[in-house]
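> I'd like to ask some things about the structure below.
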Amino acid sequence: MSLPSKSGMRSIAAIGLLWVGALIAPAHATSTPPPAPDVDSSALAALADLAGDLNPYRGDLRAIAVGRDAFNQSCARCHGVDADAHASPAPDLRRIGRICARVPEPDLQLRCQTDADAYFRDTVEKGKIKLGIEHMPPWKNVLSTELIWAIRSFVETSQGRAK
């Protein structure tokens, strides 16, 4: 019995990946996000730099409250009510950037946090596609930049409960 050629092996691998992708497609994948949340964001300070990578509302109690409301209206159906992802099908958002607190040098810690914030915002705005399957729709035209940062601020307050 002879082994398949290299191109034959690639075809087998590609078919295998398609099957695996179909089998692991999450039940929460959706093609369109729900409508914009009905949240009063007037308490949020206006942002001078909408393109910044560092969360400007970090630690702001008003932003955390607005973020909680926006999260529970927009994100909870996949990521769990109040960001408690234990029974949800989607990743635990409280884990994003959690390791940054362990970085001892302030400059590196800030860079770590900036990278985590940029990843969060970019993922929310653009959504998530893996193996051609949409796992999270893009929210760029649904959530304002201010609401995205408010949600990030809220999620960070829940990090201590993440396992």
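The values are calculated or read from the model by the stated rules, or taken from the named source; none is laboratory data. Remember, predicted model here, so these are calculated numbers, not experimental data. Ideal geometry is used to build each Cβ from the backbone, glycine not excepted, and the neighbour counts take in all protein chains shown.
> What are the residues in the range 99-114 that are closer than 13 Å to Arg152 by Cβ and either out of contact with any helix residue (DSSP H, G or I) (no Cβ under 6 Å at 6 or more places or on another chain) or among the small types (Gly, Ala, Ser) (or both), if any?
Thr114, the sole residue that qualifies.
> Would you check which residues across the range 79-98 are aliphatic (A, V, I, L, M) and either in contact with a helix residue (DSSP H, G or I) (Cβ under 7 Å, 6 or more places away or on another chain) or surrounded by 15 or more Cβ atoms within 10 Å (Cβ to Cβ) (or both) and list them?
Val81, Ala83, Ala85, Ala90, Leu93, Ile96
> Only one residue in Ala46, Ala36 is out of contact with any helix residue (DSSP H, G or I) (no Cβ under 6 Å at 6 or more places or on another chain) and either in a helix (DSSP H, G or I) or at pLDDT 90 or above (or both). Which one?
Just one listed residue meets the conditions, Ala46.
> Something else now. Being part of a helix (DSSP H, G or I) and among the polar types (S, T, N, Q) is the filter; apply it to the range 102-154 and report the residue that is surrounded by the most Cβ atoms within 10 Å (Cβ to Cβ).
If we take residues in the range 102-154 being part of a helix (DSSP H, G or I) and among the polar types (S, T, N, Q), then Ser153 is surrounded by the most Cβ atoms within 10 Å (Cβ to Cβ).
> Can you say whether Ser42 is surrounded by fewer than 16 Cβ atoms within 10 Å (Cβ to Cβ) and hydroxyl-bearing (Ser, Thr, Tyr), as far as the supplied structure shows?
yes
> Please go through the range 115-162 and pick out each residue that is of a type in the set (A, V, I, L, M, F, W, C) and under 11 Å from the mean Cα position of the chain (by Cα).
Ala116, Ala118, Phe120, Val124, Met136, Trp139, Ile148, Ile151, Val155
> Another question, if that's okay. Do we have Ala90 as part of a helix (DSSP H, G or I) and of a type in the set (Gly, Ala, Ser) here?
no
> What is the number of the single condition among (1) at pLDDT 95 or above; (2) exposed (fewer than 15 other Cβ atoms within 10 Å of the Cβ); (3) in a loop (DSSP other than H, G, I, E, B) that Asn55 does not meet?
(2)
> Yes or no: the range 120-129 includes at least one residue that is touching a Phe, Trp or Tyr at 6+ places or on another chain (Cβ under 7 Å) and touching a residue at least 40 places away in the same chain (Cβ under 8 Å).
no
> While we're here: In this structure, is Gln109 polar (S, T, N, Q) and in contact (Cβ under 8 Å) with a residue 12 or more places away in the chain?
no
> Across the range 74-87, which residue is nearest to Arg152 (Cα to Cα) among those that are assigned to a loop (DSSP other than H, G, I, E, B) and either under 13 Å from the mean Cα position of the chain (by Cα) or of a type in the set (Phe, Trp, Tyr) (or both)? Please lay out each step first, then the result.
Filtering the range 74-87 down to residues assigned to a loop (DSSP other than H, G, I, E, B) leaves 75, 80, 84.
Still in the list and also either under 13 Å from the mean Cα position of the chain (by Cα) or of a type in the set (Phe, Trp, Tyr) (or both): 75, 80.
Details: Cys75: 11, Gly80: 15 Å.
The qualifying residue nearest to Arg152 (Cα to Cα) is Cys75.
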